[in-house]
Amino acid sequence: MKRLMAIVALALAPLGCVANQGDAPIRFLGVRALEFEEGVGCTGAEDLVMSEGLLDISGGQNFPLAVSVETNTFQQPISIGQEPFSGEGLSDITLNEIIYSYQFQPVTDGASVTLPADETDRVAVYTVLRPETDPDESYTFVSAFGPKAIKALGEAIAPGQAVTVLSTIKARGRMSGGQVVESNKFTFPVTVFSSGFSGVCPAGQVPSGTCGFPGVGGRIVCTATAP
């Protein structure tokens, strides 16, 4: 019963915020470049911030984003009947949904795509973020596009065509006390094109792409596998 009372008290308490960063309890900040180690593969994210992306959609791959993340919540001492309640877990944020909206700009003549209506393209996720998460040390992976958009792009972009998609992304989840929270929104541009890659490489070769994701970062070519 005391545990339940503590959660209710937390739900009524004000949330902390970072000055000049808005009042969202969770905020997505810069998109980092993926870190690749030869012979190992994709090992995480670098400190280098990316401002745009490039994707050869003929590889059938989404565009992965490593996004710096901070939480504007903090651990609060709670007293009930002069007995303190606090500690890990009471101010956690659990994300359970990534929500997308889109705009596109043709890059080549004739390039066009019908993208999902705002906030109708969604992905279920499970990510727990602790109070006072530091964006310099923490990041989370999300895809640049939801499943409806990536399907539409794959079907609409013909070889030689390209569009720039402005993907606006936010997350939704719950505090430990049960209240629904949303992140800020951020918009990341990805130029999507098709090289006409067939999806098959000769024996001993693999399709190119950042961190082993075919088409991420440029046109797909077949390259020799590492020894």
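The values are calculated or read from the model by the stated rules, or taken from the named source; none is laboratory data. This is a predicted model, so every value here is computed, not measured. In this analysis, Cβ positions are derived from the backbone assuming ideal geometry, glycine residues included, and neighbour counts consider all displayed protein chains. In case anyone asks, the SASA skips ligands and DNA or RNA and just uses the protein heavy atoms, side chains included. Shrake-Rupley method; radii C 1.70, N 1.55, O 1.52, S 1.80 Å.
Note on segment 125-140: residues that are loosely packed, with under 14 Cβ neighbours inside 10 Å and either in a strand (DSSP E or B) or under 13 Å from the mean Cα position of the chain (by Cα) (or both) amount to 2.
None of GLY218, GLY196 is in contact with a Pro (Cβ under 8 Å, 6 or more places away or on another chain), of a type outside the set (Ser, Thr, Tyr), assigned to a loop (DSSP other than H, G, I, E, B) and surrounded by fewer than 16 Cβ atoms within 10 Å (Cβ to Cβ) except GLY196. Each residue in segment 165-188 was checked for being in contact with an Asp or Glu (Cβ under 8 Å, 6 or more places away or on another chain) and over 16 Å from ASP118 (Cα atoms), and 3 of them qualify.
Go over the candidates GLY217, GLY160 one by one and state the one that is within 19 Å of GLY30 (Cα to Cα) and in contact with a Gly (Cβ under 9 Å, 6 or more places away or on another chain). Give the derivation first.
Values: GLY160 fails: within 19 Å of GLY30 (Cα to Cα).
Exactly one residue qualifies, and that residue is GLY217.
Return yes when SER176 is small (Gly, Ala, Ser) and farther than 30 Å from ARG219 by Cβ and no when it is not. When the stated conditions are applied, SER176 passes them. Here the condition is being without any contact (Cβ under 8 Å) to a residue 24 or more places away in the chain and farther than 16 Å from PHE63 by Cα; of GLU137, GLU182, it holds for GLU137 alone. When GLY178 is tested against the conditions (1) surrounded by 14 or more Cβ atoms within 10 Å (Cβ to Cβ); (2) in a loop (DSSP other than H, G, I, E, B), the lone failure is (1). Among the residues of segment 93-124, the ones that are open to solvent by less than 50 Å² (accessible area, probe 1.4 Å), more than 16 Å from LYS185 (Cβ to Cβ) and not in a loop (DSSP other than H, G, I, E, B) come to 2 in all. Scanning segment 1-49 for residues that are out of contact with any Gly (no Cβ under 8 Å at 6 or more places or on another chain), modelled with pLDDT under 60 and among the hydrophobic types (A, V, I, L, M, F, W, C) turns up MET1, LEU4, MET5, ALA6, ALA9, LEU12, ALA13, LEU15, CYS17, VAL18, ALA19.
If you filter segment 96-125 down to residues that are of a type in the set (Ser, Thr, Tyr) and at pLDDT 95 or above, you find that the one that is farthest from ILE26 (Cα to Cα) is THR114. Looking only at residues in segment 63-91 that are polar (S, T, N, Q) and modelled with pLDDT of 60 or more, the one that is most open to solvent (accessible area, probe 1.4 Å) is GLN82.
Looking at this structure, is VAL123 closer than 24 Å to THR43 by Cβ and touching a helix residue (DSSP H, G or I) at 6+ places or on another chain (Cβ under 8 Å)? In short, yes.
So that you can scan it fast, the table gives a plain yes or no per residue for (1) touching a Lys or Arg at 6+ places or on another chain (Cβ under 7 Å); (2) modelled with pLDDT of 95 or more; (3) not acidic (Asp, Glu):
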{"residue": "ALA162", "(1), (2), (3)": "no, yes, yes"}
{"residue": "ARG174", "(1), (2), (3)": "no, no, yes"}
{"residue": "VAL180", "(1), (2), (3)": "yes, no, yes"}
{"residue": "SER198", "(1), (2), (3)": "no, no, yes"}
{"residue": "GLY204", "(1), (2), (3)": "no, no, yes"}
{"residue": "PRO207", "(1), (2), (3)": "no, no, yes"}
{"residue": "ILE220", "(1), (2), (3)": "no, yes, yes"}
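The set of residues from segment 142-175 being of a type outside the set (A, V, I, L, M, F, W, C), part of a strand (DSSP E or B) and open to solvent by 30 Å² or more (accessible area, probe 1.4 Å) comprises SER143, THR168, ARG172, ARG174.
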